[in-house]
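The structure appears below as structure tokens.
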Amino acid sequence: MAGVAHGNACKGGSLSECLHVKSLRWKECTLSSPAHLRFSRKCGHGVSRVQATISRTDPNPDVVPSSPDAGKRKHTDSIKDEARRHGLLEPPTTFSAKYVPFSPYTPTDECYSLDEIVYRSRDGKLLDVQHDMEALKKYDSKYWKSLFDSRVGKTTWPFGSGVWSKKEWVLPELDNDDIVSAFEGNSNLFWAERFGKEMLKMNDLWVKHCGISHTGSFKDLGMTVLVSQVNKLMKTNKNLIGVGCASTGDTSAALSAYCAAAGIPAIVFLPANKISIAQLVQPIANGAIVLSLDTDFDGCMRLIRDVTEQVPIYLANSLNSLRLEGQKTAAIEICQQFDWEVPDWVIVPGGNLGNIYAFYKGFVMCKELGLTDRIPRLVCAQAANANPLYLHYKAGWKNFEPVKASPTFASAIQIGDPVSIDRAVYALKNSDGIVEEATEEELMNAAAVADLTGMFTCPHTGVALSALMKLREKNVIGPTDRTVVVSTAHGLKFTQSKIAYHSKEITGMQAKYANPPLEVKADLGSVMDALRSKLSLAL
Ligand SMILES: Cc1ncc(COP(=O)(O)O)c(C=O)c1O
Ligand SMILES: N[C@@H](CCOP(=O)(O)O)C(=O)O
């Protein structure tokens with residue numbers, strides 16, 4: 001079939017017709033519409049517009065390379081150069097987003113551009129990034145599914161990233177050239193076959209490994225968005241001198257890595273002696289300014305908020321709602337990985353409580369745009385030593401009180417005064433959610449037993465697994481319920497506590513699943529004796 005291309009002057013019609021085709025590759029176009037796809041090119045109202053009917057067999061020469069080699073990267077090209085050649089660097093003009101106060105029960109007209117440096121509304125509420133949903137709804141669910149699916153597993157800048165593959169739903173107006181990405185996201189969804197079957201009599205249990213990531217935690221998902229926006233702001237706001245955060249170890253690692261990649265100064269406030277060595281060395285190695293402070297995370301958080309009010313350092317904690325735009329892509333990814341079927345339950349460990357809201361937001365967006373038909377029930381899991389949300393839930397959501405968080409092996413969630421409490425309560429109330437808690441022994445046992453079935457979990461994932469075990473025991477979660485446990489960090493960041501557990505060195509802990517190494521003399525007899533003691537073999 002012959003392709004038709006008409007050069008038309010833009011009549012200034014609806015922008016939604018003028019899908020910014022430069023942000024779509026030919027393959028994406030064909031995938032999104034197997035027969036024909038009508039589109040307008042380089043519109044922006046006022047610029048010349050090309051309307052075309054294209055088909056798989058009849059590519060528009062303006063859009064696709066004319067020879068098989070034309071699409072290949074020249075040896076002098078970087079992936080950004082390649083994206084530039086294909087016109088992929090400019091953002092689409094069709095979609096937009098802005099900050100609004102997080103005020104779901106009493107919406108207001110107050111709003112801010114994402115280019116403003118603002119973290120709270122006029123009356124001190126948290127902010128939320130609000131997308132122009134009407135513009136997104138102009139494209140049907142089939143379109144979005146095909147577009148997102150076509151981007152998986154590529155190095156196309158920046159859509160090969162799991163976060164930026166959803167760019168239109170994340171930060172649509174950002175120039176792709178400003179993006180700072182480590183091709184994060186697209187994390188694996190592990191079918192926990194043995195753990196499910198043997199521990200819980202479940203057949204449809206999954207672990208979303210967000211910690212198998214660039215810096216070893218889910219924070220990369222949010223940090224690529226935040227640092228990309230800062231990268232843009234620094235070009236225009238010459239006053240901005242860096243980006244700062246308070247951290248229990250993962251936010252600081254992600255911030256430092258993305259800032260180092262972009263050449264932006266990072267400043268991190270850490271509670272002294274309360275984070276793992278692996279986490280501490282990450283910002284040090286990435287060249288951040290590291291302040292080890294004699295306080296806890298809540299103390300560090302208060303200090304960074306005071307400092308960022310006084311000096312032009314951009315705040316990178318999840319108080320900043322930009323972070324959650326990246327983190328919500330993990331929820332979208334889960335739906336995508338299940339071919340747009342929604343799991344029954346999603347269990348997320350909670351500390352500062354930004355992530356549970358980010359998951360909620362991702363699931364709601366999929367439903368609102370017709371990609372899914374419901375949202376899952378959410379469970380937020382807390383360590384009993386740092387459980388302000390759990391206490392609030394048990395009190396029927398009445399009168400939230402922060403707590404003084406005690407030390408926990410799940411050190412990244414040792415938080416007593418969570419910034420996103422209002423967001424979390426909203427997410428849980430609207431997803432028929434549940435809050436559970438886990439003692440130190442429960443969380444360490446859960447992590448250890450998961451490891452014995454082939455995972456290598458962090459203690460926070462242990463908290464979530466322990467919550468699952470409790471809900472399963474009470475039969476709140478049924479044997480055939482499709483359940484996803486979110487693993488938030490890599491176990492390799494927390495080897496100290498694992499070694500202590502397996503060495504049975506933790507005072508007062510039985511360490512039921514400990515598997516200490518045997519110290520054996522290096523001679524055959526001793527080795528055979530050791531094997532006999534472990535294997536029921538007639539050796
Ligand atoms: C490994 C890990 N898991 C879970 C959390 C909890 O996430 P959130 O603070 O968004 O509740 C954090 C940070 O707080 C973390 O670093
Ligand atoms: N676990 C976090 C605590 C801070 O959370 P944030 O999402 O508000 O940055 C960390 O690793 O610092």
Flag if residue 262 is of a type in the set (A, V, I, L, M) and either within 16 Å of ligand 1 (Cβ to nearest atom) or within 16 Å of the chain's Cα centre (by Cα) (or both)
no
Looking at the stretch 499-516, can you tell me whether even one residue there is aromatic (Phe, Trp, Tyr), surrounded by 13 or more Cβ atoms within 10 Å (Cβ to Cβ), part of a loop (DSSP other than H, G, I, E, B) and touching a residue at least 40 places away in the same chain (Cβ under 8 Å)?
yes
Give me the pairs, please: first residue somewhere in the stretch 518-538 and of a type in the set (S, T, N, Q), second residue anywhere and open to solvent by less than 90 Å² (accessible area, probe 1.4 Å), beta-carbon distance under 6 Å, and either six or more positions apart or on two chains.
526/520
Return the residue satisfying two criteria in turn: it lies in the stretch 447-461 and is within 14 Å of ligand 1 (Cβ to nearest atom) and open to solvent by less than 20 Å² (accessible area, probe 1.4 Å), and of such residues it is farthest from the chain's Cα centre (by Cα).
447
So how many residues does the stretch 312-335 have that are more than 19 Å from residue 153 (Cβ to Cβ), away from ligand 1 (no atom under 14 Å from the Cβ) and hydroxyl-bearing (Ser, Thr, Tyr)?
1
Assuming residue 308 fulfils every condition listed in (1) touching a Ser or Thr at 6+ places or on another chain (Cβ under 8 Å); (2) open to solvent by 10 Å² or more (accessible area, probe 1.4 Å); (3) among the polar types (S, T, N, Q) apart from one, which condition is it?
(1)
Name the single residue, out of those in the stretch 270-280 being away from ligand 2 (no atom under 13 Å from the Cβ) and in a loop (DSSP other than H, G, I, E, B), that is farthest from residue 461 (Cα to Cα).
272
Would you check if there is a residue in the stretch 357-371 being more than 13 Å from ligand 1 (Cβ to nearest atom) and aromatic (Phe, Trp, Tyr)?
yes
Might you let me know whether the stretch 259-266 holds any residue that is of a type in the set (A, V, I, L, M, F, W, C) and under 27 Å from residue 346 (Cβ atoms)?
no
Can you name every residue in the stretch 64-85 that is under 14 Å from residue 154 (Cβ atoms) and at pLDDT 75 or above?
79, 82, 83
Of (1) on the phi > 0 side of the Ramachandran plot; (2) open to solvent by 20 Å² or more (accessible area, probe 1.4 Å), residue 216 satisfies all except one. Which?
(2)
Can you pull out the residues in the stretch 405-432 that are without any contact (Cβ under 8 Å) to a residue 60 or more places away in the chain and either in a loop (DSSP other than H, G, I, E, B) or over 20 Å from the mean Cα position of the chain (by Cα) (or both)?
406, 408, 429, 432
Among the residues of the stretch 380-408, what is the count of those that are within 10 Å of ligand 1 (Cβ to nearest atom) and surrounded by fewer than 14 Cβ atoms within 10 Å (Cβ to Cβ)?
0
I'm checking my understanding of the structure. Among residues of the stretch 462-480 that are open to solvent by less than 10 Å² (accessible area, probe 1.4 Å) and in contact with a helix residue (DSSP H, G or I) (Cβ under 6 Å, 6 or more places away or on another chain), which one is farthest from ligand 1 (Cβ to nearest atom)?
477
Exactly one condition in (1) more than 16 Å from ligand 1 (Cβ to nearest atom); (2) in contact with a helix residue (DSSP H, G or I) (Cβ under 9 Å, 6 or more places away or on another chain) is not met by residue 236; state its number.
(2)
Hey, could you check the stretch 409-430 for residues that are crowded, with 24+ Cβ neighbours inside 10 Å and more than 27 Å from residue 106 (Cβ to Cβ) and say which is nearest to ligand 1 (Cβ to nearest atom)?
412
For residue 235, which of the numbered conditions (1) modelled with pLDDT of 95 or more; (2) within 23 Å of residue 158 (Cα to Cα) fails to hold?
(1)
When residues of the stretch 239-259 are filtered for being within 21 Å of residue 353 (Cβ to Cβ) and either within 16 Å of ligand 1 (Cβ to nearest atom) or within 18 Å of the chain's Cα centre (by Cα) (or both), how many remain?
11
The stretch 337-372: number of residues that are surrounded by fewer than 24 Cβ atoms within 10 Å (Cβ to Cβ) and of a type in the set (S, T, N, Q)
2
Quick one: in the stretch 231-259, which of the residues that are away from ligand 2 (no atom under 16 Å from the Cβ) and without any contact (Cβ under 8 Å) to a residue 60 or more places away in the chain is nearest to residue 282 (Cα to Cα)?
231
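The values are calculated or read from the model by the stated rules, or taken from the named source; none is laboratory data. Since the structure is predicted, the reported quantities are computational estimates derived from the model, not experimental observations. Don't worry about glycine lacking a Cβ; one is built from the backbone with ideal geometry, like all the others, and counts go over all protein chains shown. For the accessible areas, the whole protein counts, side chains as well, though only heavy atoms, and no ligand, DNA or RNA atoms are used. Shrake-Rupley method; radii C 1.70, N 1.55, O 1.52, S 1.80 Å.
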